[in-house]
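For reference, the structure is listed below as structure tokens.
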Amino acid sequence: MFQTSRRAALALTVAMLAATSAQAQQRVLRYYADFDPAPLAAFEAAIAEFEAANPDIDVQLQNFDHEGYKTAIRNFLTADAPDLANWYAGNRMLPFVESGQFMDVTDVWEANGLNESLASAAASMEIDGKKWGVPYTYYQWGIYYNKSVYDQVGATVPATWDEFVANCEKFAAAGIDCITTGTKALWPGAGIFDYLNLRTNGYEHHMQLTGGEIPWTDDTVRATFAEWAKVQPYITANHAAIDWQDAAALLVQGKAANYVMGNFAVAVFKEGGMTDETLGFMPFPTINPDVPRAEEAPTDTIHIPAGATNVDDAKKFLAFIATADVQTKLNEALGQLPINKDSTVGDDPFIKAGFELLSTTPGGIAQFFDRDAPAEMAKIGMEGFQQFMVQPDQLDAILERLEQARQRIYQ
Amino acid sequence: MTRAALPNARAEAPPRSWWRANQQRLTPWLFLAPGLFMFGLYVIWPIADSFWLSFFDWDGLGEKRWIGWGNYQELRTDPAFYTSLKNNVIWLALYLLAVPAGLMIAIFLNQTVFGIRLYKSLFFFPFVISQVVVGLMFSWFYAPNFGLFYQLIEWITGRGVAVLADPDLVTYGIIAAGLWPQIAYVMILYLTGLNNVSPDQVEAARLDGARGWRMLWYVILPQLRPATFIAVVVTVIGALRSFDLVSIMTDGGPFGSSRVLSFYMFEQALSEYGFRMGYGAAIAVVLFLIMMVFISGFIWKMVRDEREGY
């Protein structure tokens with residue numbers, strides 16, 4: 001009896017020794033992410049490549065549900081931090097930077113020349129003069145339109161806002177919604193506002209507005225809403241009750257002509273049966289010709305939490321993700337745009353259009369209303385936009401409410 | 001055993017240990033201790049903590065900042081708070097319709113015909129499905145363009161009404177969805193109550209010439225008092241904690257016009273754009289106080305009934 005238990009203990013010790021030596025051979029890199037199925041496959045391929053190049057590192061990817069991740073990250077950053085975590089650029093990462101949950105990775109940027117290769121997204125990764133993560137993809141916003149509907153009413157693709165509004169009258173006469181959107185989840189409405197303001201007042205103004213430096217009751221903001229009011233009657237009624245995918249269905253069915261959306265919607269349009277022949281993309285038309293064209297391109301990023309245990313390997317992984325080759329492959333699978341300037345883009349016409357659009361933007365690249373403005377302001381603002389599209393006569397009350405919120409939130 | 005122990009203890013008189021002297025008084029508390037501990041840990045302490053938290057400005061990550069009554073002062077001028085409060089009142093008032101409606105259905109189903117069990121289960125069915133499913137079904141029912149309700153209205157009036165996109169109708173639309181399972185629940189409470197209605201009294205009343213409404217009002221309803229009490233309690237509490245339907249059907253929209261207090265609290269404290277823990281806690285405290293009014297009322301009634309020996 002005594003002997004067997006001693007033998008068992010010996011076996012256990014040996015087993016434990018073996019286990020620790022196996023761990024010593026391979027360092028574990030824990031990575032928490034929120035990928036949809038297609039991006040997940042792309043990232044698994046990239047991780048396999050990284051592990052092949054670094055056989056001593058074992059990347060353990062833990063994938064979360066996209067919406068659940070937004071809440072989960074707050075818990076795991078403080079309680080059980082991984083070595084790498086997905087998040088977003090701009091003001092969206094500010095709470096984590098300010099509370100010291102993200103690690104400064106300026107050294108990764110400098111050591112790998114990322115300031116040049118990732119230059120287009122550098123500004124959105126910087127807070128207090130330091131870099132807080134590495135971007136791996138972004139995508140353009142703009143107007144997606146149904147070409148057959150344009151042919152049906154004899155409208156031409158507009159370059160200016162006046163032409164766009166004139167088209168809307170033609171569509172209305174044919175019983176087609178000129179602009180469709182689904183604001184049940186609020187954010188699609190913010191895309192319309194962002195572009196109207198970027199075209200009316202420009203990038204600097206937009207950044208100051210989302211940064212809380214310009215009052216919402218200002219005349220410049222009213223000018224933006226005045227442009228919005230011109231198309232308000234032509235926006236899909238009941239948009240407040242439908243999801244953005246339902247609105248995409250309206251465009252596919254030819255019940256709507258234009259949709260201010262991000263490039264991720266192309267997949268939905270095509271699932272609905274549209275092809276490169278029937279689906280068109282145009283930049284948001286010019287409103288004020290004196291304002292340099294600015295665009296919107298939300299950037300997705302990877303960060304190192306402050307509580308990471310394997311910082312060296314995490315930095316190695318960030319440098320790997322930033323390389324031109326990896327970003328090319330990743331974004332080909334994602335159907336989005338790489339940030340590294342030496343990457344190439346696929347043959348897809350919408351990706352090409354987006355690449356062209358963003359790489360020639362003179363004005364500046366905004367993230368998106370809910371990433372540029374602090375979360376609380378974003379919520380109240382987007383509710384205001386939704387309300388304006390339903391009750392345009394309430395504009396004064398809406399702006400007054402937003403202004404009160406601004407004074408409280410940015411103090 | 002006690003009877004044997006007590007005279008013994010008295011006989012041995014002076015040297016009684018403290019434990020022995022107080023055994024009778026302490027034992028109930030000892031038996032209650034595990035329950036009290038759990039109740040304290042999971043109920044009392046979180047309530048106290050919410051009160052405490054409502055005096056801070058805290059995003060859940062950084063430093064807590066003491067702001068005293070700041071959150072409550074903000075609530076006082078917050079239009080979204082008043083919208084939520086107003087909607088809660090509407091919920092409370094309309095949700096109580098489930099009680100008479102459930103009673104009517106219960107009386108209607110309280111007959112012996114072939115297959116009545118099947119009909120009863122069919123009527124009870126809405127309560128069995130999850131609230132999330134109810135919410136989804138009703139949002140499709142109301143959905144613009146393809147929803148059954150929308151098309152029905154369009155067919156009748158020529159113009160469809162998207163209930164969930166209309167700030168004035170949305171709360172009523174959600175309450176209608178909530179009433180569907182709630183009526184079934186109340187119905188089942190009354191059906192069991194009707195089983196216990198004494199046939200002798202009904203017989204006697206019938207001999208005295210009571211029929212229809214008078215029979216219901218003076219003979220049946222008084223016997224259903226316990227069922228009515230439970231039905232009102234669960235309905236009031238159900239109305240005040242309404243959250244899932246709002247979250248599923250509209251997410252509080254359009255522009256916040258279907259919010260209720262519990263949803264607003266969640267939005268401020270835990271949702272994607274929220275993380276104002278202190279403000280959320282302040283809303284929770286207000287909701288708690290409103291609930292306390294009703295709960296104390298119910299408890300007071302229960303205690304009174306017990307004393308009177310119902």
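Quick look at the values:
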{"read-out": "Condition met for A:Ile302 (in contact (Cβ under 8 Å) with a residue 12 or more places away in the chain, in a helix (DSSP H, G or I) and among the hydrophobic types (A, V, I, L, M, F, W, C))", "value": "no"}
{"read-out": "Pair list, Cβ < 8 Å and 6+ apart or interchain, from the stretch B:240-260 residues that are surrounded by fewer than 24 Cβ atoms within 10 Å (Cβ to Cβ) to residues that are part of a loop (DSSP other than H, G, I, E, B) and among the charged types (D, E, K, R)", "value": "B:Asp251/A:Lys184; B:Ser257/B:Asp168"}
{"read-out": "Residue among A:Gly307, A:Gly346 that alone is among the small types (Gly, Ala, Ser), surrounded by fewer than 18 Cβ atoms within 10 Å (Cβ to Cβ), away from chain B (no Cβ under 14 Å) and in a loop (DSSP other than H, G, I, E, B)", "value": "A:Gly346"}
{"read-out": "Members of the stretch A:92-138 that are in a strand (DSSP E or B) and of a type outside the set (Ser, Thr, Tyr)", "value": "A:Phe102, A:Glu126, A:Ile127, A:Lys130, A:Lys131, A:Val134, A:Pro135"}
{"read-out": "Some residue of the stretch A:355-367 being over 26 Å from A:Tyr203 (Cα atoms) and surrounded by fewer than 20 Cβ atoms within 10 Å (Cβ to Cβ)", "value": "no"}
{"read-out": "Candidates B:Pro79, B:Pro34, filtered to the one that is of a type outside the set (Val, Ile, Thr), modelled with pLDDT of 90 or more and surrounded by fewer than 12 Cβ atoms within 10 Å (Cβ to Cβ)", "value": "B:Pro34"}
{"read-out": "Selected residue [in a helix (DSSP H, G or I) and more than 30 Å from B:Pro79 (Cβ to Cβ)] from A:Lys329, A:Lys341", "value": "A:Lys329"}
{"read-out": "Any hit, the stretch B:41-64, residues being in contact with a Leu (Cβ under 6 Å, 6 or more places away or on another chain) and not basic (Lys, Arg)", "value": "no"}
{"read-out": "Residue within the stretch A:85-107 that is farther than 26 Å from A:Asp370 by Cα and more than 14 Å from chain B (Cβ to nearest Cβ) present", "value": "yes"}
{"read-out": "Matching residues in the stretch A:390-405 - criterion: being open to solvent by 10 Å² or more (accessible area, probe 1.4 Å), touching a residue at least 60 places away in the same chain (Cβ under 8 Å) and closer than 24 Å to A:Ile287 by Cα", "value": "A:Val390, A:Pro392, A:Leu395"}
{"read-out": "Residue match in the stretch B:246-257 (condition: touching a helix residue (DSSP H, G or I) at 6+ places or on another chain (Cβ under 6 Å) and away from chain A (no Cβ under 14 Å))", "value": "no"}
{"read-out": "Contacts under 7 angstrom Cβ, first residue in the stretch A:220-234 being among the hydroxyl-bearing types (Ser, Thr, Tyr), partner open to solvent by less than 10 Å² (accessible area, probe 1.4 Å), 6 or more apart", "value": "A:Thr224/A:Leu196; A:Thr224/A:Asn197; A:Tyr234/A:Cys168; A:Tyr234/A:Phe171; A:Tyr234/A:Cys178; A:Tyr234/A:Ile179"}
{"read-out": "When residues of the stretch B:148-200 are limited to those that are under 16 Å from B:Asn110 (Cβ atoms) and not in a helix (DSSP H, G or I), the one farthest from the chain's Cα centre (by Cα)", "value": "B:Ser198"}
{"read-out": "Unmet requirement for A:Ala373, which otherwise passes all of (1) open to solvent by 20 Å² or more (accessible area, probe 1.4 Å); (2) within 14 Å of chain B (Cβ to nearest Cβ); (3) under 26 Å from A:Ala119 (Cβ atoms); (4) aliphatic (A, V, I, L, M)", "value": "(1)"}
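The values are calculated or read from the model by the stated rules, or taken from the named source; none is laboratory data. Note that the structure is predicted; figures quoted are calculated from it, not measured. Methodologically, a virtual Cβ is constructed for each residue, glycine included, from the backbone with ideal geometry; neighbour enumeration extends over all protein chains shown. For accessibility, only protein heavy atoms count, side chains too; no ligands or nucleic acids. Shrake-Rupley method; radii C 1.70, N 1.55, O 1.52, S 1.80 Å.
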